[in-house]
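Colleague: This structure is in C-alpha cells; I'll ask about it shortly.
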Amino acid sequence: MKNRVQLIGHVGQEPEIKNLENRKLANFSIATNENFTNAKGERVEQTEWHRITAWGKTAEIIEKYVSKGKEIAIEGKLSHRSYEDKDGIKRYVTEIVANEILLLGGNKQEMS
C-alpha cells in the first residue's frame with residue numbers, strides 16, 4: 001500500500017510562503033468540485049477544500065507561478081499532525097504534502 005494523493009482544483013487564496021532553515025515552505029488550499037444527481041433527481045455540485053503544504057523546490061515553483069484562482073494538479077501524500085494553539089487547545093490538521101505540481105489552465109475568474 002502506498003500513501004498517494006492526486007488532486008486537480010483551483011487555488012483558494014494566495015499561497016503563504018515562509019523561509020525556514022534555508023528551505024522554503026508553501027501553504028495554501030485548493031478547491032475540488034464533484035457533480036452528482038441526488039435522490040430527487042436534482043443536479044448538485046459539491047465543493048471540497050484541501051490544505052496543501054510544499055517544501056523546497058516545489059515551494060519555490062509555487063511562489064513563482066501559483067496564485068489565487070489558478071487551476072493546478074497536485075501529487076503528494078496525505079499527512080495528519082496536531083499542535084497546541086495559543087490557548088493550549090490541541091488542534092488536528094489533515095493536509096496534502098505536495099511533491100509534484102502541474103500548472104494547468106487559467107484562473108477561475110478568466111474561465112467564467
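The values are calculated or read from the model by the stated rules, or taken from the named source; none is laboratory data. Please read these numbers as outputs of a predicted model, since none were measured by experiment. Please note: Cβ atoms are built from the backbone with ideal geometry, for glycine as well, and neighbour counts cover all protein chains shown.
Colleague: Could you list all residues from the stretch 35-93 that are among the acidic types (Asp, Glu) and either free of Cβ contacts under 8 Å to residues at least 24 places away in the same chain or part of a strand (DSSP E or B) (or both)?
Modeller: Answer for the stretch 35-93, where residues must be among the acidic types (Asp, Glu) and either free of Cβ contacts under 8 Å to residues at least 24 places away in the same chain or part of a strand (DSSP E or B) (or both): GLU42, GLU45, GLU48, GLU71, GLU75, GLU84, ASP85, ASP87.
Colleague: If you don't mind, there's one more thing I want to ask. Scan the stretch 67-100 for residues that are at pLDDT below 95 and aliphatic (A, V, I, L, M) and report the count.
Modeller: Final tally of qualifying residues: 1.
Colleague: Also: Just wondering, is there one or more residues in the stretch 14-33 that are assigned to a loop (DSSP other than H, G, I, E, B) and within 18 Å of VAL93 (Cβ to Cβ)?
Modeller: yes
Colleague: For residues that are closer than 21 Å to LYS68 by Cβ and among the aromatic types (Phe, Trp, Tyr), scanning just the stretch 1-52, find the one that is surrounded by the fewest Cβ atoms within 10 Å (Cβ to Cβ).
Modeller: TRP49
Colleague: For the stretch 34-59, which positions are of a type in the set (A, V, I, L, M, F, W, C) and under 23 Å from VAL93 (Cα atoms)?
Modeller: TRP49, ILE52, ALA54, TRP55, ALA59
Colleague: Of everything in the stretch 47-100 that's out of contact with any Asp or Glu (no Cβ under 9 Å at 6 or more places or on another chain) and polar (S, T, N, Q), which residue is farthest from LEU7 (Cα to Cα)?
Modeller: Result: SER82.
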